[in-house]
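Enquirer: Here it is, the structure, as structure tokens.
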Ligand SMILES: Cc1cc2nc3c(=O)[nH]c(=O)nc-3n(C[C@H](O)[C@H](O)[C@H](O)COP(=O)(O)O)c2cc1C
């Protein structure tokens, strides 16, 4: 028995496990597989157009009868600053040269847009059971419409102050994202990455500070981690890294190899790849000009210049410019179908919880 059943009641899933949304490395396939295994599947929409997000949700609805979470970013969009972009391009020029690329050739701008009125209309049309937000919440008018569409709203906090703010502003559950987590730090009331608490310290303090259920995230990758999250007072877990090597993810072959070889000390927090702090396995460019650089253009514009470099480098089977987003528990990830992995995670957690109770 799960010691806390509030999330099961809210989400109506078999297990209190949320497959983390992971923009750029997954689509409907991983959502479907995790949902078939009993988790809440999350579709990352931050890099999708409205049409693509609609198509993906329709595929999910056709293939599995389960609640679905649509995930969005809520950063404040800033225009690209041509001066900073040019300086950044110059900083990366020798890599372009090395790969025989023309730094002056036009590139597609990085595509991570915040939640907006067009996506809100899509929410009203599709009515997903859950909507989750990273980097805060959308403005009150949009949030009111999301809630009026009947969606449960969950949002990410990295410090207690953010958790309290999210509860006061309408979140139905809080994801407490510890510093171990892979991907972007969901921080929005602080910019200091050195002050970000780890999961073990953060979760009980968030649990004490809010009334809504807390979902622990960051470094949880097996039954032991899930049981620990419940011991700390969480009502569920959000797991990303552990699913990266599932066959249903869209992680490229060279990135898969890098993840399989990563050890406990392989990840760093970097702002080099996108302009915002995120945790990933250190790659060549993160090591050579980061992991943190004051020169990186604002999110998401730093990413634009990496497009051609990443494509050319991956053709050579290299991950020198690939975002290898992953958390500190990357070593615990397994190569296993996501439905099977979900059931294994839940089974191991329940066995450990019952041993602890006995
Ligand atoms: C590859 C990758 C991409 C991610 N992309 C997103 C995203 O698009 N939206 C989001 O809310 N969180 C994103 N995250 C963060 C996760 O929601 C979550 O906080 C994290 O995976 C939990 O820690 P773990 O990776 O140790 O399990 C991403 C994480 C990873 C590993």
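Enquirer: Please work out if residue 331 is away from the ligand (no atom under 16 Å from the Cβ), part of a helix (DSSP H, G or I) and within 23 Å of residue 180 (Cα to Cα).
Expert: No, not satisfied.
Enquirer: Would it be correct to say that residue 52 is within 16 Å of the ligand (Cβ to nearest atom), surrounded by fewer than 16 Cβ atoms within 10 Å (Cβ to Cβ), more than 17 Å from the chain's Cα centre (by Cα) and within 23 Å of residue 311 (Cα to Cα)?
Expert: Considered against the rule, which asks whether it is within 16 Å of the ligand (Cβ to nearest atom), surrounded by fewer than 16 Cβ atoms within 10 Å (Cβ to Cβ), more than 17 Å from the chain's Cα centre (by Cα) and within 23 Å of residue 311 (Cα to Cα), residue 52 comes out as yes.
Enquirer: Out of the residues in region 334-358 that are part of a loop (DSSP other than H, G, I, E, B) and modelled with pLDDT of 95 or more, state the one that is surrounded by the fewest Cβ atoms within 10 Å (Cβ to Cβ).
Expert: 335
Enquirer: Hey, another quick one. Suppose we filter 46, 51 for residues that are under 24 Å from residue 75 (Cβ atoms) and in a loop (DSSP other than H, G, I, E, B); which single one remains?
Expert: On inspection, the qualifying residue turns out to be 46.
Enquirer: Here is a follow-up. Give me the helices (runs of 4 or more DSSP H) completely within region 133-232, filtered to those with at least 1 residues that are closer than 23 Å to residue 345 by Cα, ordered by residue number.
Expert: In region 133-232, the matching helices (runs of 4 or more DSSP H) lie at 199-209, 223-231.
Enquirer: Inside region 16-38, can you point out the residues that are touching a helix residue (DSSP H, G or I) at 6+ places or on another chain (Cβ under 7 Å), touching a residue at least 40 places away in the same chain (Cβ under 8 Å) and closer than 20 Å to residue 131 by Cβ?
Expert: Within region 16-38, 16, 17, 19, 27, 30, 32, 34 meet the criteria.
Enquirer: Based on what the data block shows, is residue 276 surrounded by fewer than 20 Cβ atoms within 10 Å (Cβ to Cβ) and modelled with pLDDT of 95 or more? Step through it out loud before you land on a result.
Expert: On the way: surrounded by fewer than 20 Cβ atoms within 10 Å (Cβ to Cβ): no; modelled with pLDDT of 95 or more: yes.
When the stated conditions are applied, residue 276 does not pass them.
Enquirer: Going through 175, 193 one at a time, which residue ends up being within 12 Å of the ligand (Cβ to nearest atom) and in contact (Cβ under 8 Å) with a residue 60 or more places away in the chain? Before the answer, list the steps.
Expert: Numbers: 193 fails: within 12 Å of the ligand (Cβ to nearest atom).
Of the residues listed, the single one that is within 12 Å of the ligand (Cβ to nearest atom) and in contact (Cβ under 8 Å) with a residue 60 or more places away in the chain is 175.
Enquirer: Given the conditions (1) within 24 Å of residue 149 (Cβ to Cβ); (2) away from the ligand (no atom under 16 Å from the Cβ); (3) touching a helix residue (DSSP H, G or I) at 6+ places or on another chain (Cβ under 8 Å), and given that residue 42 satisfies all but one, which numbered condition is not satisfied?
Expert: Exception for residue 42: condition (2).
Enquirer: Sticking with this one: What's the number of the condition residue 212 fails, among (1) touching a helix residue (DSSP H, G or I) at 6+ places or on another chain (Cβ under 9 Å); (2) more than 13 Å from the ligand (Cβ to nearest atom); (3) farther than 19 Å from residue 156 by Cα?
Expert: Every condition holds for residue 212 apart from (3).
Enquirer: Can you confirm whether residue 72 is surrounded by 21 or more Cβ atoms within 10 Å (Cβ to Cβ), on the phi < 0 side of the Ramachandran plot and not in a loop (DSSP other than H, G, I, E, B)? Talk me through it step by step, then tell me what you get.
Expert: Values: surrounded by 21 or more Cβ atoms within 10 Å (Cβ to Cβ): yes; on the phi < 0 side of the Ramachandran plot: yes; not in a loop (DSSP other than H, G, I, E, B): yes.
Yes, satisfied.
The values are calculated or read from the model by the stated rules, or taken from the named source; none is laboratory data. Since the structure is predicted, the reported quantities are computational estimates derived from the model, not experimental observations. Neighbour counts run over all protein chains shown; Cβ positions are idealised from the backbone, glycine included.
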